[in-house]
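What follows is a short report on a single structure.
The values are calculated or read from the model by the stated rules, or taken from the named source; none is laboratory data. This is a predicted model, so every value here is computed, not measured. No Cβ is skipped: glycine too gets one built from the backbone with ideal geometry, and neighbour counts run over all protein chains shown. Side chains are part of the model used for accessible areas, which takes the heavy atoms of the whole protein and leaves out ligands, DNA and RNA. Shrake-Rupley method; radii C 1.70, N 1.55, O 1.52, S 1.80 Å.
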Amino acid sequence: MISVLIGVLIIVVIGAICFWAIDRFANDRRLAQLLKLLVVLICLAAILQRVLPLAGIYL
């Protein structure tokens, strides 16, 4: 359980760093929004991949 929480925390921190980098270096607003959406979807998928086995759901 602790390793899952640490893994989720690491994913959130990496997502926040990606958000900062997108804000800092993406000049086009639409491109920045699309990149942020991509980061959110990837982070959600990674979190679900770690949490779902705890609920007994294996994909």
### Query
When the residues of the stretch 49-59 are filtered to those that are more than 24 Å from Cys18 (Cβ to Cβ) and outside any loop (DSSP other than H, G, I, E, B), which remaining residue is least open to solvent (accessible area, probe 1.4 Å)?
Pro53
## Note on the structure
Subset of the stretch 11-48, residues of a type in the set (Val, Ile, Thr), surrounded by 12 or more Cβ atoms within 10 Å (Cβ to Cβ) and closer than 30 Å to Leu59 by Cα, comes to Ile11, Val12, Ile14, Val39, Val40, Ile42, Ile47
